[in-house]
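This report concerns only the one structure given below.
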Amino acid sequence: MNKYKYLLLALLVIPSSACRRDMQSQPKVTPLKRSWFYPDGRSARPVPPGTISVDEVNIDPAVDTGSVNGSFVQKIPIPVTSDLLKRGQNRFDIYCAPCHAATGFGNGMIADRGFKTPANLNGERIRGAPAGYIYQVIVKGFGGMGPYAFQIKSVRDRWAVVAYIRALELSRYAPLSDVPAKARSRLEAQR
């Protein structure tokens, strides 16, 4: 009977000790060593497209945070170009239009589905707000709007959205005298 106890114990202990894998022997790819896993044989992988390098982080707090010494910046602190506005429109259509609508009036599909109506981006309150305030609302959220810092990761893309919101405001409230003469006659005919 004793002989069977030791045999049973050996049958249980030996397989369980063979399955142990310590931290020092874990499978991993060591940097700059040859790898059988990747077709090119390199363990160091190329940088994925869209990666924001540490060198791209701005030292200027106005650009990074939208505020300086606790006050919101009044104007967009990066050059506003047509490319920036196009990028802003693209990001706005993806992240903002579902709630604020493509026009910015706050009557997007979220309001249609019974949720709280988002802010009218063309309203007096937002039009009078500093650019840094809008930037920080994108980053941190406000009221029923959650933060979008994880969706809109690039500082430049956030400012692009702010620039596009300002362009939407301008398109709604621009004086007729700002419109070129050729287009002005078409607008006056539509009244």
Taking interchain pairs and intrachain pairs at least six residues apart, which have beta carbon atoms under 9 angstrom, with the first residue in the range 126-138 and touching a residue at least 40 places away in the same chain (Cβ under 8 Å) and polar (S, T, N, Q) and the second open to solvent by 10 Å² or more (accessible area, probe 1.4 Å) and part of a helix (DSSP H, G or I)?
-> 136/65
Filter the range 143-156 for residues that are free of Cβ contacts under 8 Å to residues at least 12 places away in the same chain and closer than 18 Å to residue 65 by Cβ; which is surrounded by the fewest Cβ atoms within 10 Å (Cβ to Cβ)?
-> 150
Between residues in the range 60-71 that are within 16 Å of residue 129 (Cα to Cα) and residues that are modelled with pLDDT of 85 or more and hydroxyl-bearing (Ser, Thr, Tyr), which pairs lie under 7 Å by C-beta distance while being six or more apart or on different chains?
-> 66/135
Scan the range 65-90 for residues that are open to solvent by 40 Å² or more (accessible area, probe 1.4 Å) and in a helix (DSSP H, G or I) and jot them down.
-> 65, 82, 83, 85, 86, 87, 89, 90
Hey, does the range 105-113 have a residue that's closer than 18 Å to residue 152 by Cα, without any contact (Cβ under 8 Å) to a residue 24 or more places away in the chain and assigned to a helix (DSSP H, G or I)?
-> no
Right, residue 121: within 28 Å of residue 62 (Cα to Cα), not basic (Lys, Arg) and not in a loop (DSSP other than H, G, I, E, B) or not?
-> no
Would you call residue 97 open to solvent by less than 40 Å² (accessible area, probe 1.4 Å), assigned to a helix (DSSP H, G or I) and either touching a residue at least 12 places away in the same chain (Cβ under 8 Å) or in contact with a His (Cβ under 9 Å, 6 or more places away or on another chain) (or both)?
-> no
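The values are calculated or read from the model by the stated rules, or taken from the named source; none is laboratory data. Please read all numbers here as calculations on a predicted model, not as lab measurements. No Cβ is skipped: glycine too gets one built from the backbone with ideal geometry, and neighbour counts run over all protein chains shown. Just so you know, the surface numbers come from the protein's heavy atoms only, side chains and all, with ligands and any DNA or RNA stripped out. Shrake-Rupley method; radii C 1.70, N 1.55, O 1.52, S 1.80 Å.
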